[in-house]
Structure formats: structure tokens, C-alpha cells
Amino acid sequence: QVQLVESGGGLVQAGGSLRLSCAASGRTFSSYDMGWFRQAPGKEREFVASMSWRGGRTAYAGSVKGRFAISRDNARNTVYLQMNSLKPEDTAVYYCASVVAGTPAYWGQGTQVTVSS
């Protein structure tokens, strides 16, 4: 099965930036898509951004469009999420996922992003 490890979370002031990384390994099947999701306390996990692993197609949630950017390095099996102009409402645990047929199949352990006012 796929192993996903996120890193790069932390505490940042509003307006600041963070770059999350997701390293994938141990994949047993071909998958074109990787996604970032987040979950704030008391809320459902929500979609943030996705990218086709092979083709580089991207999609973003409206709440982060223009502020976040997903990118990849296929040679390193790594997906990044550059987060700029962070807002307190961006505070959440961010999860990397392997997305198969539009559905997250494997999840990382999550990395905490906290944005202070």
C-alpha cells in the first residue's frame, strides 16, 4: 500500500506562508492524482487541492484559490502545497492523500497548520 508522509506544518502569523511536503512511497498501483485535504476541529475533512501525478492537472477549493499552489516532483514522488497569505481560518490538520477515481484511498498522518491573528 501507499505510504504518505507530510511535513512542513507549524505556527505562522496571518499573512505568512508555509510550504507543506508530502512524500509518497510503497505504491502498489498506478494513481495519477494526489490531493491535499484539511480538517479543522469540529468540522469535516475538506478538499483543498489536487494534482494529477502524471499530467499535472490541478484543482483548488474556492477558499484557497489564488493563495495556495500545489506542485510536484515526480522524480522524488513528492507533492507540495505552497500556502501564502494564510488566514486564521486556514488553521487545520492538513492531510495528503492518494486519490483514486476521485476518492482518497490512502492518507498521510497529517501535519498541523496553525495561523495566528
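Rule-based calculations on the coordinates, nothing more; no lab input. Nothing here was measured: the structure is a model prediction, and the numbers come from that model. Reconstructed Cβ throughout: ideal geometry from the backbone, glycine too, with neighbour counts over all protein chains shown.
Could you give the longest part of the chain that holds none of the trypsin sites (Lys or Arg not before Pro) found in DSSP loops with at most 15 neighbouring Cβ atoms within 10 Å?
In the chain, the maximal stretch lacking such sites is 68-117.
Place a +1 charge on the Cβ of each Lys and Arg in segment 3-117 and a -1 charge on the Cβ of each Asp and Glu, then give the dipole magnitude about the Cα centre in debye, rounded to the nearest 20.
The dipole magnitude comes to about 220 debye.
Using the Karplus curve 6.51 cos²θ - 1.76 cosθ + 1.60 with θ = phi - 60°, work out ³J(HN,Hα) for each residue of segment 100-117 in order, rounded to whole Hz, and write x for Gly and Pro.
Listing the rounded values in order: 10, 6, x, 10, x, 10, 10, 10, x, 7, x, 9, 7, 10, 10, 10, 8, 7 Hz.
Set the Förster radius R0 to 30 Å, insert the Cβ-Cβ distance between Ser17 and Thr103 as r into 1/(1 + (r/R0)^6), and round the FRET efficiency to 0.05.
0.50
How high is the relative contact order of the chain, in percent, with contacts defined as C-alpha pairs under 8 Å that are six or more residues apart?
36
Residue by residue through segment 61-76, which ³J(HN,Hα) values in whole Hz follow from phi under the Karplus form 6.51 cos²θ - 1.76 cosθ + 1.60 (θ = phi - 60°), with glycine and proline marked x?
5, x, 5, 10, 4, x, 10, 9, 9, 9, 8, 8, 9, 4, 4, 9
Would you mind counting up the charge near Gly110? Only other residues with Cβ under 11 Å from its Cβ, with Lys and Arg at +1 and Asp and Glu at -1.
For residues surrounding Gly110, the net value is +1.
Take every DSSP beta bridge with both residues inside the chain and express the antiparallel ones as a percent of the total, to the nearest 5.
Roughly 90 percent of the beta bridges in the chain run antiparallel, per DSSP.
Determine, at each q value in 0.12, 0.14, 0.15, 0.19 (inverse angstroms), the log₁₀ of I(q)/I(0) that the Debye formula gives when each Cα of the chain is one equal point scatterer.
-0.37, -0.51, -0.58, -0.94
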